[in-house]
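This report concerns only the one structure given below.
The values are calculated or read from the model by the stated rules, or taken from the named source; none is laboratory data. Predicted model only: the values in this text are computed from it and were never measured. Every residue, glycine among them, receives a Cβ derived from its backbone with ideal geometry; neighbour counts consider all protein chains shown. Please note that ligands, DNA and RNA were not included when accessible areas were found on the heavy atoms of the full protein model with its side chains. Shrake-Rupley method; radii C 1.70, N 1.55, O 1.52, S 1.80 Å.
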Amino acid sequence: MLSQYPALPSDVRDFVNYTVLGSLKSNNQLRVNGLFNHKVIKPKKDNLWFLSWSDIIELRMAIVDENMFEVFKIVFGIDQKDFVRLEMFNAFAVYQWVSSQLTDMIKIEFQELSNDLTDEEKEAGAEELQEFGYSLTLDVLTKGDLLKSDDWLSLAYAKIFRKLCIDKKRYDINKTLQENASRKSKRNS
């Protein structure tokens, strides 16, 4: 039964993931069994980039925890009643679709937003900030104003990502300008 999946021992869950998920074609529509008919539930957004930032944060935690109900609740808005009536293989195919979309998002984020720290930044302890995850990003975007947090968290993640890309590009340009100015002043000294 699908509702028992989270309670399976990790080795059994790994076996199920390997055998079931590996053989299914991704699907983005949940099918709920009814007494006389079936209901199809589409995702709140066809593209996960357009979920709210808070939904993306919760979705990442649900995927890490392998909490299929939470994943479907976030992406499809289903309740426990519908969850226990999901068609099992369809549910795994949809879970695979969500997981794949999230994996693609993470790859793009890494490609566009990752930054190699300089030796000076490492010596200053910049790596220690990574433990704060999205909270640090939220703090920067709100400029430390906690009253603005909900506004940022409710925005589509695509907008947040775009803003982060712009900020990173500005940072890279300013860093290059500073390095060029430093080299120029050394040559003139």
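So that you can scan it fast, the table gives a plain yes or no per residue for (1) farther than 29 Å from residue 150 by Cα; (2) among the aromatic types (Phe, Trp, Tyr); (3) not in a helix (DSSP H, G or I):
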{"site": "27", "(1), (2), (3)": "yes, no, yes"}
{"site": "45", "(1), (2), (3)": "no, no, yes"}
{"site": "55", "(1), (2), (3)": "no, no, no"}
{"site": "66", "(1), (2), (3)": "no, no, yes"}
{"site": "95", "(1), (2), (3)": "no, yes, no"}
{"site": "102", "(1), (2), (3)": "no, no, no"}
{"site": "115", "(1), (2), (3)": "no, no, yes"}
{"site": "121", "(1), (2), (3)": "yes, no, no"}
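From 119, 145, 150, grab the single residue that is within 16 Å of residue 55 (Cβ to Cβ) and open to solvent by 50 Å² or more (accessible area, probe 1.4 Å).
None of the others qualify; the one that does is 150.
Just give me the residues in region 1-11 being at pLDDT 70 or above and either of a type in the set (Gly, Ala, Ser) or loosely packed, with under 10 Cβ neighbours inside 10 Å (or both), in sequence order.
Within region 1-11, 7, 9, 10, 11 qualify.
Return the total of residues in region 68-86 being touching a Leu at 6+ places or on another chain (Cβ under 8 Å) and either of a type in the set (S, T, N, Q) or outside any helix (DSSP H, G or I) (or both).
Adding up the residues that qualify gives 3.
May I ask you to verify whether residue 52 is closer than 24 Å to residue 132 by Cα and of a type in the set (Ser, Thr, Tyr)?
yes
Residue 26 versus (1) on the phi < 0 side of the Ramachandran plot; (2) at pLDDT 90 or above: which is the lone unmet condition?
It fails just one condition, (2).
Test residue 182 against the stated conditions and say whether it is touching a Ser or Thr at 6+ places or on another chain (Cβ under 8 Å) and either over 22 Å from residue 110 (Cβ atoms) or of a type in the set (Lys, Arg) (or both).
no
What's the number of the only condition in (1) hydroxyl-bearing (Ser, Thr, Tyr); (2) in contact with a Ser or Thr (Cβ under 6 Å, 6 or more places away or on another chain); (3) without any contact (Cβ under 8 Å) to a residue 24 or more places away in the chain that residue 114 fails to meet?
(2)
Mind checking which residues of region 56-72 are buried (at least 19 other Cβ atoms within 10 Å of the Cβ) and either at pLDDT below 90 or farther than 24 Å from residue 18 by Cβ (or both)?
Hit for region 56-72 is 56, nothing else.
Among residues belonging to region 12-44 that are open to solvent by 50 Å² or more (accessible area, probe 1.4 Å) and among the β-branched types (Val, Ile, Thr), point out the one that is nearest to residue 90 (Cα to Cα).
40
Which members of region 92-106 meet the condition of being closer than 20 Å to residue 161 by Cα and crowded, with 21+ Cβ neighbours inside 10 Å?
Hit for region 92-106 is 98, nothing else.
Any residue at all in region 52-72 that's farther than 20 Å from residue 105 by Cα and either within 21 Å of the chain's Cα centre (by Cα) or polar (S, T, N, Q) (or both)?
Yes, region 52-72 has at least one match.
Going by the structure shown, is residue 15 at pLDDT below 80 and assigned to a loop (DSSP other than H, G, I, E, B)?
no
Within the group 76, 89, 83, which residue is open to solvent by 60 Å² or more (accessible area, probe 1.4 Å) and touching a residue at least 24 places away in the same chain (Cβ under 8 Å)?
Result of the check over 76, 89, 83: 89.
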